[in-house]
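Each remark here refers to the structure printed beneath this line.
The numbers here are math on the coordinates, done by the rules we state, and not lab data. Note that the structure is a prediction, hence the values are computed from the model and not measured. A quick note on method: Cβ atoms are made from the backbone with ideal geometry, for glycine too, and the neighbour counts reach across all protein chains shown.
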Amino acid sequence: MTVFSSHTFLCAACGDQAVVVSFAAAGEPLRHPGGILDQTLSRIQISDGPIPMTKAPVSQEAGVIAALQLGDAAALYAIDPAYAPFWCPTCHRSYCSRHWKTETRFDEGFFDDVIGWCPEDHRRLLAD
């Protein structure tokens, strides 16, 4: 059975595309600029936004698919905050990368995390 789901979230500040979040089940190709990713695990891909990334394996696949079908960023965030780095859980809005202020932090020269502030100045961890 083919399972692929995708949703485009819009920026609450400007109305432009904030991110496209795509989910592909194991065995289903998920394309990105460098080619096709490993198909042995389920994956979620976040394009653009404050933290573009691909994460595998995906937990709670059915919940992720339902959230994408409904366009529910809060549900993605509830499953795993890393699935919605574009979402501000305080003001309940999605924002594009132009509207997030971000700071990448390093510990002893190695990546530690990325924190961000939405346009309303709410702070959250975007990636670790």
Relative contact order %, the chain, counting alpha carbon pairs below 8 Å whose residues are six or more apart | 20 percent
Treat every Asp and Glu Cβ in the chain as -1 and every Lys and Arg Cβ as +1, leave all other atoms uncharged, and give the resulting dipole magnitude about the Cα centre to the nearest 20 debye.
-> 300 debye
Dimensionless Rg ratio for the chain, taking C-alpha atoms and the 2.2 N^0.38 Å reference = 1.04
What length, rounded to one decimal in nm, is gained on full extension from Phe110 through to Leu41, with 0.36 nm per residue of separation minus their alpha-carbon distance?
-> 22.2 nm
Towards the positive end of the charge dipole of the chain, with charges on Cβ (+1 Lys, Arg; -1 Asp, Glu), say which of Pro50, Leu126, Gly109 has the farthest Cα.
-> Pro50
Efficiency by 1/(1 + (r/R0)^6): what FRET value for Ser59 and Ser6, r their Cβ-Cβ distance, R0 = 22 Å, to the nearest 0.05?
-> 0.75
For the residue pair Leu125 and Leu70, what label-to-label distance in nm results when each label sits 7 Å from Cα along the Cα-to-beta-carbon direction?
-> 2.5 nm
